[in-house]
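Working notes for the structure below.
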């Protein structure tokens, strides 16, 4: 974890591609970032049948609070009969999922599905 304790949320960008919301997260997802990130993900999963992809390839660190945010988003999506996918090829992150018993809980892909890499429409933050 870095020594920058003043930030409140990791940088993120949101885009919608063919009905799927793709959220690209960067930096650290930890105790300081979790509340703001959870609130943003809550707003993105508020509708019925949300289809959400969380791109974690640029995440450098995640702690148990960050894992809790991912679990919360997953539960909200499933409660609304939607779908949540994680994108990560980071061996450390995948190991953390295995160690915590979450490897079978999330659908994890090493990269974005091809249809989601094109036809980008950006959604404003907030």
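Bear in mind these aren't lab numbers, they're just calculated from the coordinates by the rules spelled out. All of these numbers come straight from a predicted model, not from anything done at the bench. For neighbour counting, all protein chains shown are included, and Cβ atoms are generated from backbone atoms with ideal geometry for every residue, glycine included.
Structural remarks
- Region 13-44, residues that are within 19 Å of residue 113 (Cβ to Cβ), in contact with a helix residue (DSSP H, G or I) (Cβ under 7 Å, 6 or more places away or on another chain) and not in a strand (DSSP E or B): 18
- Pairs where the first residue, in region 67-92, is touching a residue at least 40 places away in the same chain (Cβ under 8 Å) and the second is crowded, with 16+ Cβ neighbours inside 10 Å and in a helix (DSSP H, G or I), C-beta under 8 Å, 6+ apart: 69/34; 69/37; 69/38; 69/41
- Total residues in region 45-66, condition outside any helix (DSSP H, G or I) and farther than 17 Å from residue 76 by Cα: 9
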